[in-house]
Amino acid sequence: MCVDLAVKSMAASSSPCCVECGAPVPSIVQRLGADSVRLARCESCGHVADKYAEFEPTLIVIDLLLYRPSAYRHVLINRQVLRGREEHEALLWRLGGALLLFDAYLTRSRLGGGGDRERDAADAAGAPPELEASSVAFAAALVALALAELLGFCAAAAAAARSQLGARACESWRQLLETVVLSSFGRSLVLLDMIWVYPLAFCRAVELFVLLCNGIAIKVQLRCSTPQAAAIVAAGAAAKGLSQLAVVAAWYAFPRD
């Protein structure tokens, strides 16, 4: 049970917050006896500090999809209190790796390779070893480009955060990177395009959805206003968009036989 895990890891974790109002709380759980605990209440708003401590993951994901700030506070701030820092970092590595693969797929779609699956499969079936090797190198290059786009997004967002918030900006580069990675879970919707061929507009809609999630997450993590969060995300999106345009322009300008 998550409540029991919270009791064991509370001392070694960062300070949690109330998911309803964002106020710091001393603990997510309150011990009533030797073998009895309950969810603590926030002294500021009177609500349960973190109702998601007893929620199933599916219900948390639904609230994330509904853009509820309380769910983002749980995932970004309180989850590592409940689960421990090691498990939190393991989730970041898994999700970060998946996001790079999804971004690489989106880049390939922008370059014109995301539509004719039957032809690609037929070509790959009889591909010579040289082409297979070049395909692996091309896939690695796409992943590297996805990593560069992620870092560029975070760098531009960090600069905008310092400009907007000054001393209240992110405590560290790592904190912002974690915020962006965790709030980009919606990019997993690209799996649908991998199974069923959708118009390119579907991928654009996924990217827009992810940007909206990024905005909610940054607003929660930095405790800033909606316009400030929008400006920070817009700066990151502009940097990422420019890099994508440069990649597409270079791709079509590259001479072919």
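Observations on the model:
- Working from label points 7 Å from Cα in the Cα-to-Cβ sense, the ALA201 to ALA246 distance is 3.1 nm.
- Coupling constants for segment 51-59 follow from the phi torsions by the Karplus curve (6.51 cos²θ - 1.76 cosθ + 1.60, θ = phi - 60°), and in residue order they are 5, 6, 4, 10, 8, 6, x, 4, 5 Hz; glycine and proline get x.
- Using the Cβ-Cβ distance between GLN30 and ARG162 with R0 set to 35 Å, the FRET efficiency works out to roughly 0.40.
- Residues in segment 52-86 reached by a label modelled at ARG94 [backbone nitrogen below 17 Å; 7 Å Cα→Cβ]: 56-62, 75-76, 79-86
Throughout, read-outs are computed from the coordinates displayed, never taken from laboratory work. Remember, predicted model here, so these are calculated numbers, not experimental data. So basically every Cβ, Gly included, is an ideal-geometry build from the backbone, and we count neighbours across all protein chains shown.
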